[in-house]
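In what follows, a single structure is set out as structure tokens and then discussed.
Values quoted throughout were computed directly from the atomic coordinates according to the rules given, and no laboratory measurement underlies them. None of the values given here were measured: they were computed from a predicted structure. Methodologically, a virtual Cβ is constructed for each residue, glycine included, from the backbone with ideal geometry; neighbour enumeration extends over all protein chains shown.
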Amino acid sequence: MEKTYLMVKPDGVQRGLIGEIVSRFEKKGFRLVGAKLMHVSRETAEQHYGEHKERPFFGELVDFITSGPVFAMVWEGENVISVARQMMGSTNPKDAAPATIRGDYGVIVGKNVIHGSDSPESAEREINIFFKQEELTDYTKSG
Ligand code: CMP
């Protein structure tokens, strides 16, 4: 079953949006298989956002994601990577459609409430950055 990495960013945690965001994915029918409230170290942030290293906003991005707690999650379900991206809306909240998470709660691109993996390769890489295998629940196992 496909898995994705989703993260409520420091702005979303500070604004009390964890419950609302978790609720949207639960109601959609996806399964939460791992979650933790945590501070992201600079080293982890630089690894996670490595593909943006040459962008002018890289420093700002790392400063922001390390500025307060994030809520890191792994979700499972059919096509969860692409469907979660649709539910999140466009990266820049000004372009995000109403009824998407960023469309409803975001205002500026640097503080866009949530991160979600954009491909199966990113999902695997990002899940491994933030979670150990034993921190993920396997619903097919009992006991
Ligand atoms: P995210 O999906 O977490 O992946 C990369 C992030 O870079 C993106 O969300 C935005 O929050 C951030 N980002 C993209 N463009 C800009 C920008 N011009 N200025 C600041 N942050 C940006």
Checklist outcome for this item: Between the residues Pro10, Ala123, Thr137, the Cα farthest towards the positive end of the dipole of the chain, that dipole coming from +1 and -1 charges on the beta-carbon of Lys, Arg, Asp and Glu, is from Pro10
Checklist entry - Within the chain, what is the longest stretch that has no GluC sites (Glu not before Pro) placed in a DSSP loop and near at most 14 other beta-carbon atoms within 10 Å? => result 79-143
Item to check | Electrostatic dipole magnitude of segment 2-50 [Cβ: Lys, Arg +1; Asp, Glu -1; Cα centre; debye, to 20] | outcome: 200 debye
Next on the checklist: Which one, Gly34, Thr44, Thr66, projects farthest toward the positive side of the charge dipole computed for segment 33-143 from Cβ point charges (K/R +1, D/E -1)?
Outcome noted: Thr66
Item to check | Pairwise FRET efficiency - Thr44 versus Gln133, Cβ, R0 = 25 Å, nearest 0.05 | outcome: 0.90
Checklist entry - Where does the charge balance sit around Val107 when Lys and Arg score +1, Asp and Glu -1, over other residues with C-beta under 10 Å from its C-beta? => result +2
Item to check | Ellipsoid equivalent to segment 56-135 - semi-axes via the Cα gyration tensor, in Å | outcome: 21, 18, 11
Checklist outcome for this item: One checks the Cα atoms of segment 2-137 and finds Rg and Dmax, in Å, of 13.7, 38
Checklist entry - How large is Rg over Rh for segment 94-143, taking Rg from the Cα atoms and Rh as the Kirkwood inverse mean of 1/r across Cα pairs? => result 1.14
Checklist entry - For segment 2-137, what is the charge dipole size about the Cα centre, in debye to the nearest 20, if Lys and Arg each add +1 at the Cβ and Asp and Glu each add -1 at the Cβ? => result 380 debye
